[in-house]
Amino acid sequence: MVPASRASLAFGALALVGILGIAFELGERYPFARFHMFDHRATAASRVIARLPGGEAIELSSLRALHCPDGVELFTADPDAPVPRCPVAAAYPEAERRVARYLERERADVPSSQPVELVRRTFSFPDPWAPPDTDDCVIAVCTAERR
């Protein structure tokens with residue numbers, strides 16, 4: 001076996017530092033992800049969904065032209081800011097930013113005809129062998145159009 005030269009070791013070290021730098025900059029994007037979901041055992045998880053007046057839960061991506069007159073408070077990044085209306089259980093920052101970008105992109109200045117609630121649905125797993133408990137907390141009351 002041929003011993004590694006200093007140049008190839010230096011190149012390998014630089015490549016490793018580069019890949020780690022890209023992973024920290026891009027966040028949870030394969031193949032450069034840091035896989036935060038595996039660094040702890042979660043007993044709760046939450047996500048933002050939309051709920052129609054009849055109680056039907058739908059994905060945010062099935063809505064467009066969202067008009068939320070009172071604004072939307074997804075999460076509070078500032079520790080000195082007021083506590084958000086809904087507790088954030090095991091929400092991943094990358095997923096929260098994706099939701100915030102979607103809400104900003106689909107924001108409308110004029111109300112639509114369909115009332116909708118933006119809800120943080122929290123799943124908790126007190127018993128690993130039982131179905132999860134769910135809890136819905138209304139983040140905002142809006143209007144939107146279905147896609």
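Since every read-out is calculated from the coordinates, none of them should be taken as a lab result. Because the structure is predicted, anything quoted here is derived from the model rather than measured. As a convention, Cβ positions derive from the backbone with ideal geometry for all residues, glycine included, and neighbour counts pool all protein chains shown.
Applying the Karplus parametrisation 6.51 cos²θ - 1.76 cosθ + 1.60 with θ = phi - 60° to the phi angles of the range 130-143, what ³J(HN,Hα) value in whole Hz is obtained for each residue in order, glycine and proline being reported as x?
With coefficients 6.51, -1.76 and 1.60, one gets 10, x, x, 7, 10, 9, 9, 10, 6, 8, 7, 9, 9, 10 Hz.
Any chance you could check the Cα centroid distance between the range 93-124 and the range 46-63 for me, in angstrom?
That distance is 9 Å.
Within 10 Å, count the other beta carbons around each residue, average over each peptide in 110-119, 10-19, and list them highest first.
Answer by packing, highest mean first, reads 110-119, 10-19.
Set the Förster radius R0 to 41 Å, insert the Cβ-Cβ distance between Arg51 and Ile19 as r into 1/(1 + (r/R0)^6), and round the FRET efficiency to 0.05.
0.50
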